[in-house]
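Note sheet for the following structure.
Here, each number is a calculation from the coordinates, and none is a lab measurement. A quick note: this is a predicted structure, and the numbers were derived from the prediction, not measured. A quick note on method: Cβ atoms are made from the backbone with ideal geometry, for glycine too, and the neighbour counts reach across all protein chains shown.
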Amino acid sequence: MPQAGDQRIRSYAGCGNSRKRKRLVGIACTHQRDCGHYGYHRVHVMQQRESWKDNHKRVYHLYRAEGLSLRHKRPKCNKSARLRQPKSIVMGINEIWSMDFVSDALLDGQRLRALTVVDNYTRESLAIEVGQSLKGKDVVRVLDAVVAQHGTPQTIKVDNGTEFISKAMDRWAYEHGVELDFSRPGTPTDNAKVESFNGRFRQECLNEHWFLSLEDAQSKIADWRRHYNESRPHSALQWATPDEFARQARKSASMDDSTTPEISTSGRY
């Protein structure tokens, strides 16, 4: 016997102006193909940005009718025997940045590394430096460029990788008055924001492209970073893009406004 939900899906699929429906489904399919991991909530926001008025329920039913539903993993219920550290609440731009490395490979098998830097408050991707051999001095060079554009952070969260515990990095932090907050060994959740960002980076960019050369990788990754900052709505930012949220936050700070944009402490990207 057909389920009520299936009947509603068929009803939604067949009702209304066919031209409008085709366009709505076309938008959903386009973003599903280009970005690979967009759910119907984000697709609905993208449609609203194109002035479509359909509510989220209609988008959901069309999304399901087209077979675009994403599989959701059931979270594990394992409990840690140790007490977890309380989550730090970030209240403003440049309060806490996070850095990490992501590894990949070129088409010919040569190693590829990417240094990612994010602002934990705005979720902005401040930099993705792509190279085949990145050392402590390269991290310092990237930080100098980011600081020149965005200002100096109070704290940078990093793991215990050799590039982050190098003398060059230690000296840079001392000279700029920046605290380096090292995560506990084997505890990636201590740096959850950048870990979550790196997951999206891998799913939506690294896993979607073949990199023919270092230059090709740099170009494609730069394009994805631009899309992430300027076009990709973020659920924890009330569906603003990181670029939009950062502009709003900077405007509030410059006006010395007592209210700052609210932000979720969720690590989701």
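Can you list residues from other chains, or at least 5 along the same chain, whose modelled amide H is less than 5 Å from the amide H of Asp100?
Sorted by chain and number, the residues that satisfy this are Thr116.
Could you list Val146, Val118 in order of exposure, starting from the residue whose Cβ has the fewest other Cβ atoms within 10 Å?
With the fewest neighbours first, Val146, Val118 line up as Val146, Val118.
Take every Cα-Cα distance within the range 96-254, group them into 5 Å bins from 0 onward, and report for each bin the whole-number percent of pairs it holds.
2, 9, 17, 22, 20, 17, 10, 3, 0, 0
Between Ser133 and Gln154, what is the FRET efficiency for a Förster distance of 22 Å, r being their Cβ-Cβ separation, to the nearest 0.05?
0.15
Using the Karplus curve 6.51 cos²θ - 1.76 cosθ + 1.60 with θ = phi - 60°, what ³J(HN,Hα) values do you get for each residue of the range 104-111, in whole Hz, with x for Gly and Pro?
Using θ = phi - 60°, the values come out as 8, 8, 6, 4, 7, x, 5, 5 Hz.
Would you mind calculating the gained length between Glu208 and Met255 on full extension (0.36 nm times residue separation, minus the Cα-Cα distance), in nm to one decimal?
Stretched out fully, the Glu208 to Met255 stretch lengthens by 12.7 nm.
Could you give the length gained by full extension between Ile165 and Arg141, i.e. 0.36 nm per residue of separation minus their alpha carbon distance, to one decimal place?
Result: 7.1 nm gained on full extension.
Enumerate the amide H contacts of Asp181 below 5 Å, restricted to partners 5 or more residues apart or on another chain; note that Pro and chain-start residues carry no placed amide H.
It is Ile156, Lys157, Val158, by chain and number.
Can you give the FRET efficiency to the nearest 0.05 for Leu107 and Thr189, using r as the Cβ-Cβ distance and R₀ = 41 Å?
Plugging the Cβ-Cβ distance into 1/(1 + (r/R0)^6) gives 0.75.
Of the listed peptides 197-205, 102-110, what is their order by residue-averaged count of other C-beta atoms within 10 Å, with the highest listed first?
Per-residue mean Cβ counts within 10 Å order the peptides as 197-205, 102-110.
Give the span of the range 162-219's Cα atoms along each principal axis, as three whole-Å numbers ordered largest to smallest.
Ordered largest first, the range 162-219 gives principal extents of 39, 27, 18 Å.
Which three semi-axes in whole Å describe the equivalent ellipsoid of the range 123-168, each the square root of 5 times a Cα gyration tensor eigenvalue, listed largest first?
Result for the range 123-168: semi-axes of 18, 13, 11 Å.
Can you list the residues, at least 5 places off or on another chain, whose amide H is less than 5 Å from the amide H of Ala127, using H built in the peptide plane?
Long-range HN contacts for Ala127: Val117.
Can you work out the Karplus-derived ³J(HN,Hα) for every residue in the range 125-141? Use 6.51 cos²θ - 1.76 cosθ + 1.60 with θ = phi - 60°, whole Hz, and x for glycine or proline.
After applying 6.51 cos²θ - 1.76 cosθ + 1.60, I find 7, 6, 6, 10, 8, 10, x, 9, 8, 10, 10, x, 5, 6, 4, 4, 4 Hz.
Counting other beta carbons within 10 Å of each residue's own, what order do Lys135, Lys157 fall into, fewest first?
Lys135, Lys157
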